[in-house]
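Structure first, then comments.
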Amino acid sequence: MKVHALSFFRSGVLLVLALAVTGAVAAQVAPPVGPYGFVLNATFSNPSTNGGAAILGLMNFDGAGNVSGPYNFELGSGGSGPKQSIAGSFTGTYSSNPDGTGTISVALDVDINLTLAMVIDNRGRGLQLAVTGCTHPAESGRMCSNSGVVISGVGEIEFNAFVHPVHQGFLNGSYGLQFIKSSPTPAASLSVFSFDGAGNVSLSSTFIGADLSVASETLFGTYSVNPDGTGTITVPPQPGSLMGQTYVFVIAEGHSGLLVLQTNRAGDGVMYGTGRLQ
């Protein structure tokens with residue numbers, strides 16, 4: 001009896017090892033449930049006539065195939081139209097597969113319909129997103145009417161079980177952020193946004209232009225946080241500037257991540273950023 005048991009044990013071990021080596025045991029990735037902050041970036045094949053676009057928002061997955069949430073949409077100015085800034089909400093549906101892939105279909109209330117492919121990470125806390133379909137009946141939509149548009153982005157789960165409710169003091173620390181500015185004059189910046197937990201924020205940034213020029217500045221402003229983890233940063237006009245700046249953001253991964261979209265700025269294009277708590 002002992003010999004048979006040992007043989008069975010050895011056989012079982014070998015079977016498990018064989019399945020693991022051959023990949024027959026596939027990891028099961030749970031579908032997303034709850035709110036995910038997300039940002040989508042649209043680039044165009046003709047940067048001289050289109051200023052890029054970006055969408056930042058909150059995707060609430062209900063666990064039953066429905067998704068909804070608020071969003072901010074920025075369509076950058078280029079050579080063929082004015083800059084557009086729209087805040088709204090969307091509804092839609094989603095489906096996910098055991099391997100962590102899935103599909104999302106959403107309708108924005110500006111009459112833009114998007115179909116997205118998603119990949120869920122193995123913790124269920126992050127999403128990789130790519131738009132595979134985009135329709136907009138009105139030509140003024142430009143984001144969909146341009147045949148050379150590519151839209152992709154990321155999503156990060158917004159909360160864990162220990163961080164409710166969100167309030168102004170929830171942001172208390174510094175976030176290192178990478179910002180990307182779209183065409184027709186692309187640029188990038190590295191920034192540190194420092195929040196004091198009481199509604200004040202400083203923005204220290206180093207800008208890198210398309211010609212590799214470097215410039216730095218530090219701005220001061222205020223911020224507010226909504227109960228759903230979204231918020232706004234307001235920077236008043238600085239000396240020598242005729243206009244201030246505003247940003248919208250989503251707090252992600254408890255409070256260790258931040259997704260940011262600039263909604264008011266001088267010049268062309270769209271600027272969005274992603275970052276982590278330092």
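Every number here is computed from the coordinates shown, using simple stated rules; none is lab data. Predicted model only: the values in this text are computed from it and were never measured. Because the Cβ atoms are built from the backbone with ideal geometry, glycine has one as well, and the counts that use them run over all protein chains shown.
Remarks
- Site pair SER174 and SER85 shows an inter-label distance of 2.8 nm when each label is modelled 7 Å from Cα along Cα→Cβ.
- At full extension, THR185 and SER213 could sit 8.8 nm farther apart than now, given 0.36 nm per residue minus the alpha carbon distance.
- Multiplying the residue separation of ARG276 and SER224 by 0.36 nm and subtracting their alpha-carbon distance yields 16.9 nm.
- Simple point charges give the picture: +1 on the Cβ of Lys and Arg, -1 on the Cβ of Asp and Glu, and for region 72-131 a dipole about the Cα centre of about 140 debye.
- SER183, SER202 arranged by Cβ crowding within 10 Å, fewest neighbours leading: SER202, SER183
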